[in-house]
Amino acid sequence: MLNTFNIYSELKTVLDDAAARKFAHLLGEMCEEIQNTVRKEDFSELKGVMKELAQAQKRTENRMEELAQAQKRTENRMEELAEAQKRTENRMEELTEAQKRTENRMEELAEAQKRTEIRVGELTEAQKRTEIRVEELTEAQKRTESRVDELAVSLKELAEAQKRTEKSLKHLADEHTETRKQLGGIANTVGYRLEDLAYKYLPGLLQRDHRINLKERLIRKYLRDNKGRDLEINILGEGIRDGRSLMIVGESKSQLSKNDVDRFVKKRLLKLEGIFPDIFPVLVTYMISQPDAEEYAKEKGIAVYYSYDFV
């Protein structure tokens, strides 16, 4: 008797459950018919059919194997396609972001373009104003050139006048030089006159006002200063006060100012420092040119006498 369960079990490995069950059932029925009706000749024919069925079964199994391999390749391909799809989606996201950045950049460029157009408009207006200004300057330049031509004529006339003026100034300069020489001579005469009076009257005034007794008469003399250079001293003489020797050093000024006091200190007294152990400075004048000139001199330790003291 045919074991249909074993046939079902075998067929299930290559067919789905329903087909394997149906095919096993048909085989079972066929076997029962054959047992009931088949003859020996028919059985031989059945064996041929079974052999063909077995071969068909092998072809079916081979095909199923091919289909299984194809299925695997399909699944692998599907996985590859899935990965490709993921990469495509990722790329699409990247492209979407890039598109957004591109759109933002385009908006920025559009705004920049608007600003550029505005600026170009402003520059165009400025260019127009510049051209107008250039035209104005050109006209002004023409007027200036005309004025320069006029000035050139005037300058030529001025040059001639300048020459005449220079001749006049040279003549005046010569006369001024002569006048200065004459005034210098007069000033020297006045100064010498004042010093001459000082030589006569200062000894008594110094004794009266400062207890200084002169050992010799006052003179005008050159000395060597503390740098070894010749220095003219207009009023010079040795005296004694309280038993101590001192040197009278002075000069005359027709009008005494504070600047005269400073020059006397700088050009006479400082240059004689170290030459004499003790110096008594004196200035004689006709008058002062500043109200505080005498007080300024006394603050620096300088005695001041006027011409009217010498009477």
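Values quoted throughout were computed directly from the atomic coordinates according to the rules given, and no laboratory measurement underlies them. Everything numeric here is computed off the predicted structure, so don't read it as measured data. Every residue, glycine as well, gets a Cβ built from its backbone with ideal geometry; the counts of neighbours run over all protein chains shown.
Brief remarks on what is shown
- Calculated FRET efficiency for the pair GLU111/GLU65, C-beta based, R₀ 41 Å, to 0.05: 0.05
- Stokes-Einstein D (µm²/s) once Rh is taken as the Kirkwood radius of the stretch 191-309 over alpha-carbon pairs, at 10 °C in 1.306 mPa s: 111
- Estimated distance in nm for a label pair at ASN6 and ILE279, the labels positioned 7 Å out from Cα along Cα-to-Cβ: 15.7
- For the listed residue pairs LYS215/LYS300; LYS227/LYS253; LYS253/LYS300; LYS200/LYS271; LYS22/LYS58, the alpha carbons are over 23 angstrom apart in LYS215/LYS300; LYS227/LYS253; LYS200/LYS271.
- Cβ-Cβ distance of GLU83 and ILE118, R₀ of 51 Å, FRET efficiency by 1/(1 + (r/R0)^6): the value works out to about 0.45.
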